[in-house]
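Remarks on the structure that follows.
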């Protein structure tokens, strides 16, 4: 079985490649350009994996890949994040919505037996106050507060339409605050960027407070791989869950891990306007169980990578 990974050189994409390679699966990677800066820290010899530079907004991007490679499963992660979509909603829609449509249209046109697993987001939800104290399941009313979240709602509905009309199976996953090496874009990237700033000895203020559902990149990648292997049919969408923790606690952990960072890393007390207490029982019951990485272990692994990059003179906060 050959996988196609879109957004393969991005944050979650790189961790998914790592997880698949550990299992020995064949892969084809695609992204707008071959940037191996994340992959080379996670995977041995990433240049040996077939790579196709492609703009997924173009009509024939996926068709060319499907014609050349025997793809059976797509893990679709290519997307622009909240700040990019806010700055340029039309461009955001082209990548996040039209690119998504291009994928399903290519599968429909070529009549290939392809399963699609894709990244939705917790951004499809509104604030926790809309749903009570939770846990919030997948069937509640979705009220996103960002263009990015609205695009993800559109994609979930689009995937359902392609199942009903064209019998194309898909699974969407809704991650929350994902952290780890390579996370450098988006508001919730601030957790990872704060740790990087501490290593560099530079001040950094996380732009939110309150509670977040903190999820380590390796665990989220494992969720995508497990979903790709599941025998579930239809167009399904699942919450995934890590550990609910206060941003204040995370900042304290960073202070303790990096000597001298107490006066550098701070946070804004205002919480993110999205639900935090999500019910992941459907994923656990229908897809499988993931052994979660503790917050301390995940932060320490991330710190170790940052320290290595710093020693090589390759760590910066330019992102």
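Worth pointing out:
- Qualifying residue in region 20-37 (condition: closer than 28 Å to residue 231 by Cα, in a loop (DSSP other than H, G, I, E, B) and over 17 Å from the mean Cα position of the chain (by Cα)): yes
- Subset of region 262-275 [modelled with pLDDT under 95 and surrounded by 20 or more Cβ atoms within 10 Å (Cβ to Cβ)]: 272, 274, 275
- Residue list for region 170-188, restricted to those being buried (at least 23 other Cβ atoms within 10 Å of the Cβ) and either more than 16 Å from residue 221 (Cβ to Cβ) or free of Cβ contacts under 8 Å to residues at least 12 places away in the same chain (or both): 170, 188
- Of all residues assigned to region 304-313, none qualifies as being under 18 Å from the mean Cα position of the chain (by Cα) and buried (at least 16 other Cβ atoms within 10 Å of the Cβ).
- Subset of region 85-133 (residues that are closer than 15 Å to residue 279 by Cα and touching a strand residue (DSSP E or B) at 6+ places or on another chain (Cβ under 7 Å)): 121, 122, 124, 125
- Number of residues in region 267-281 that are outside any loop (DSSP other than H, G, I, E, B) and under 19 Å from the mean Cα position of the chain (by Cα) equals 1.
- Residue match in region 306-314 (condition: under 21 Å from residue 210 (Cβ atoms) and either free of Cβ contacts under 8 Å to residues at least 40 places away in the same chain or in a loop (DSSP other than H, G, I, E, B) (or both)): no
The values are calculated or read from the model by the stated rules, or taken from the named source; none is laboratory data. The structure presented is a predicted model; accordingly, all values stated were derived computationally and were not measured. FYI the Cβ positions are ideal-geometry reconstructions off the backbone, even for glycines, and counts take in every protein chain you see.
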